[in-house]
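Accompanying notes for the structure given below.
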Amino acid sequence: MAQDAKEFRHQTPNFEGVKKTWHVCNTDLMKVQVQVVKNGGENNLHTHTGEDAFWYVISGAVKFYGEGDKLIGEYQKGEGIVIPRGFKYWFESAAAEPLEILRVTAKDQSIENKRLDLSPQKQWMIDQNTFGTRQ
């Protein structure tokens, strides 16, 4: 099935809080987002059941961790990592300036994609009701 090309332009706006995600564009198979993470905006150990994610640092730096808080890698501007579906990870900003990171995901059409939290969500996630958090 042919689809039309979709143009997009992204400019990061100012925001309150420690983390914000902006939708840039998507198709039925792919989703593109930009996340900005300030100090204290790290997330919790989790996995995604049905999507692979490509992460690319636009500015700042990031540290990705696996189970047991094992450091997977630290990435600077122009570097990144691919996280396959089912892989358990979390990440945090690793520089004084806010992290701006591009996230491109590809969905496995045969699997329902769910985010599974494997450790408690951070307080900012609860405060912002991120990922449908309920108190």
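Laid out as a table, the results:
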| read-out | value |
| --- | --- |
| ³J(HN,Hα), Karplus 6.51/-1.76/1.60, whole Hz, each residue of region 89-102, x for Gly, Pro | 7, 8, 8, 9, 5, 10, 8, 5, 7, x, 7, 10, 9, 8 |
| Probe 1.4 Å, all protein chains present, accessible-area order of 9, 85, largest first | 9, 85 |
| Cα-centred dipole magnitude for region 1-65, charges only on beta-carbon of K, R (+1) and D, E (-1), debye, nearest 20 | 280 debye |
| Coarse-grained scattering of the chain at q = 0.09, 0.18, 0.20, 0.22 Å⁻¹, given as base-10 log I(q)/I(0) from a Debye sum over alpha-carbon atoms | -0.27, -1.12, -1.38, -1.61 |
| Exposure of residue 30 as accessible area (Å², to 10), given a probe of 1.4 Å and all protein chains | 80 Å² |
| Sites residue 76 and residue 108 - FRET efficiency at Förster radius 25 Å, r taken between beta-carbons, to 0.05 | 0.25 |
| Check: the chain dipole with +1 on Lys, Arg Cβ and -1 on Asp, Glu Cβ, in debye | 140 debye |
| Most mobile listed residue (34, 104, 18) in the chain, GNM with C-alpha springs under 10 Å | 18 |
| Within region 92-106, backbone nitrogen closer than 17 Å to the virtual label 7 Å beyond the Cα of residue 28 toward Cβ | 106 |
| Accessible-area composition of the chain, carbon plus sulfur, in percent [1.4 Å probe] | 50 percent |
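The values are calculated or read from the model by the stated rules, or taken from the named source; none is laboratory data. Keep in mind it's a predicted model, so treat the numbers as computed, not measured. Methodologically, a virtual Cβ is constructed for each residue, glycine included, from the backbone with ideal geometry; neighbour enumeration extends over all protein chains shown. For the accessible areas, the whole protein counts, side chains as well, though only heavy atoms, and no ligand, DNA or RNA atoms are used. Shrake-Rupley method; radii C 1.70, N 1.55, O 1.52, S 1.80 Å.
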